[in-house]
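Below you'll find the structure, written out as structure tokens, and then a few comments.
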Amino acid sequence: MANGAREKALQFLREVPRLSASNIGKLPGTRAPKKRGYGMKGKNRTWGASARQKMHFGPLGYESGGTPIQRKTAFERSYNYGIHAVKQFPPVTLEQLQLAIDTGRIDSEKPIDMAALCGTGIFRIDPEKNQFGFNLTSDGMDLFKAKVNIEVQWADEQTIAAVERNGGRITTAYYDLHSVVALSDPIRFLKSGVPVPRRLTPPGNLLHFYVDPANRGYLADPSLVEEQREILAQKYGYQLQEIPKDELFSQTKDPRQIFYGLEPGWLISLQDKTIFKPKISDLQSFYST
Amino acid sequence: MLVNSLKTVCGRNINNNIRHYCSQYTSSISVGRLYSGDHPKRNPTSPSPDFSGVIPIKELKTTYSCSSGPGGQNVNKVATKVDIRFHVESASWLSEEVKSKLLEKCGSELTKDGWLVVKSDRTRSQTLNQADALEKLRATIRSATAPSKPKISAEEAEKIRKGKLKASRERLHFKRIRSSVKSERQGPSD
């Protein structure tokens, strides 16, 4: 019998056009024994007596044959479900900002934005880690003395009070990921030969933050922002200083702008020190909407 | 070196050139286009009609000192305690009505010279303590100027007194019934 089987197998090998691991069966004795089914099998079976009497309960989770609860109920989602989509705003404290200004890493005579902070080399934004900009936190608000025109991506009430108390100006602005890539490393972006993109509007779940004058959002009504400035001055007990109309404080960015002084659609050549602007009307209208 | 290279792009001389070339860019979603600009100033409603909650900060005398309590070197060195005071009688930012109500309510809490003092060392931060002290001050003035509760007339007071007596009579009535039920459950003693 075994010989016949062997002959058959050898004949098969001669005839078959291709061989693969699935064609060739396992050698005798190498196949794993068949597993028994789920339930009360083998020594766990009881006749005329309950499972409890015999202490034969079957496999763990077995509920006398019906669907056990661990199969009935749906699995929970992982607790960090959606973590890939969470936008991160790494913090910069007011103390760190003051130190950077005092040591000359940041020039407070120029407007401070993500590019200025990344340019110091001590604050870094990695768009690959879903980092969308800086969150200016209020740690060190008591010792913050600088008068700045700063634009960050997130700020709380106490931070805003600390900046405005010294006569400065703070704005919270949203940058989509492509804009963040451009602004966090401007030299690299400008060398890449890509025209300056249009900054996108914030997503639905963040729009409420940037439209709120209490957060000094860049899409908020300026007159409401003025009102909120007075309210905050009353709350924290300082004299509200008028924002000066000088060069530093009048520099603002349009919601579609990424860089100060550069419009979307422009192609900048650092080497030739020239700017190429779009001439086609479709492109011009696209970049100005 | 990154800072230096950035300076060549965003430095003062290059910035001048850029400003020379660029116009004032406004997109369709610029703030000037989104909002009309005229916005009537809202007067915030306040619980007390005489006091709006606005306090002129320069009329107050604010001093800072070290807070008490545990905290080691930090609490010893950092002036986080806030002391705000003002002379009530000579306060020009309060109306005469408000002043008289304030003196009536807090007259005994003023200093010998008639200064109202509010202090706070609640938190670790001077900024937050200042906000807390100001809020305390506002609350003091508001409570002084808040409209008083309407006084109950003699008839109403009599009604309330009779109602209370009736309620206590009923309560005792049912309490006695309950008590007898429970004592009847006990068998005869010996």
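Scan chain A and report its longest stretch carrying no GluC sites (Glu not before Pro) that are both in a DSSP loop and have at most 16 other Cβ atoms within 10 Å. Intermediate results must be reported in sequence, preceding the final value.
On the way: sites that count: A:GLU76, A:GLU109, A:GLU242.
Segment A:110-241 is the longest.
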Roll a 1.4 angstrom probe over the protein heavy atoms and tell me the percent of accessible area of region A:182-246 that is carbon or sulfur.
-> 57 percent
Backbone N within region B:142-164 under 15 Å of label point (7 Å from B:ARG171 Cα along the Cβ vector) | B:161-164
Cross-link partners of B:LYS175 among lysines (Cα-Cα below 19 Å; sequence separation of 8 or more within a chain) = B:LYS164, B:LYS166
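To one decimal place, what orientation-averaged projected area in nm² is obtained for the convex hull of the Cα set of region A:148-286? Please list the in-between numbers first.
On the way: hull surface 39.1 nm².
For region A:148-286, averaging the hull's shadow over all directions gives 9.8 nm².
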For region A:195-206, take each phi angle, set θ = phi - 60°, evaluate the Karplus expression 6.51 cos²θ - 1.76 cosθ + 1.60, and give the result in whole Hz per residue in order, putting x for glycine and proline.
-> x, 4, x, 7, 6, 7, 6, x, x, x, 6, 10
Farthest towards the positive end of the dipole of region A:60-161, among A:ALA155, A:THR103, A:VAL86 and with Cβ unit charges of +1 on Lys and Arg and -1 on Asp and Glu, lies the Cα of A:VAL86
What FRET efficiency, computed as 1/(1 + (r/R0)^6) with R0 = 45 Å and r the Cβ-Cβ distance, is obtained for A:SER78 and A:LEU143, rounded to the nearest 0.05?
-> 0.60
How far is helix A:222-236 tilted off the main Cα axis of chain A, in degrees rounded to 10, range 0 to 90?
-> 90 degrees
When Lys and Arg each count +1 and Asp and Glu each count -1, what net charge do the other residues less than 11 Å away from A:GLU63, Cβ to Cβ, add up to?
-> +2
For A:LYS253, go through the lysines and keep the ones whose alpha-carbon is under 18 Å away, minus same-chain ones fewer than eight residues off.
-> A:LYS110, A:LYS245
Residues whose modelled amide H sits under 5 Å from the amide H of A:ILE112, counting only those 5 or more places away in sequence or on another chain, are A:ASN149, A:ILE150, A:GLU151
Farthest toward the dipole's positive end in region A:143-289, which of A:HIS178, A:LEU270, A:GLN241, given Cβ charges of +1 (Lys, Arg) and -1 (Asp, Glu) about the Cα centre?
-> A:LEU270
Tell me, rounded to the nearest percent, the portion of alpha carbon pairs in region B:102-181 spaced more than 17 Å apart.
-> 70 percent
Roughly how many whole Å is it from the C-alpha centroid of region A:134-170 to that of region B:78-110?
-> 31 Å
Rounded to one decimal in Å, the inverse mean reciprocal Cα-Cα distance for the protein assembly as shown, i.e. its Kirkwood radius, is 30.8 Å
Amide H neighbours of A:GLY217 under 5 Å, at least 5 residues apart or on other chains, H built in the peptide plane: list them.
-> A:THR172, A:ASP212
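Treating only the Cβ atoms of Lys and Arg (+1) and Asp and Glu (-1) as charged, compute the dipole magnitude of the protein assembly as shown about its Cα centre; round to the nearest 20 debye. Before the final figure, lay out each step's value.
Numbers: 74 positive and 50 negative charges, 775 e Å.
Computed about the Cα centre, the dipole is about 3720 debye.
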Which cross-chain or sequence-distant (5 or more) residues have an amide H under 5 Å from the amide H of B:THR80, H modelled 1.01 Å from N in plane?
-> B:SER65, B:SER67
For the pair B:GLU184 and A:ASN23, the simple spin-label estimate (label points 7 Å beyond Cα toward Cβ) gives in nm 10.1 nm
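Relative to the present Cα-Cα distance, how much length would full extension add between A:GLU226 and A:ARG71 at 0.36 nm per residue of separation?
Working: separation 155, 0.36 × 155 = 55.80 nm, distance 5.90 nm.
So the extension gain works out to 49.9 nm.
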Starting at the first residue of region A:113-122, write each ³J(HN,Hα) from the Karplus equation 6.51 cos²θ - 1.76 cosθ + 1.60 with θ = phi - 60°, in whole Hz, x for Gly and Pro.
-> 9, 4, 5, 5, 5, 5, x, 5, x, 9
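For every helix of n ≥ 4 consecutive DSSP H residues, a contribution of -39,500 (n - 2.57) applies; sum these over chain A, divide by its total residues, and give [θ] at 222 nm rounded to the nearest 500 deg cm²/dmol.
Numbers: 12 runs with 95 residues, N = 289.
Result for chain A: -9000 deg cm²/dmol, rounded to the nearest 500.
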Convex hull (Cα only) mean projected area of region B:45-184, reported in nm² to one decimal | 16.4 nm²
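The values are calculated or read from the model by the stated rules, or taken from the named source; none is laboratory data. Remember, predicted model here, so these are calculated numbers, not experimental data. FYI the Cβ positions are ideal-geometry reconstructions off the backbone, even for glycines, and counts take in every protein chain you see. For the accessible areas, the whole protein counts, side chains as well, though only heavy atoms, and no ligand, DNA or RNA atoms are used. Shrake-Rupley method; radii C 1.70, N 1.55, O 1.52, S 1.80 Å.
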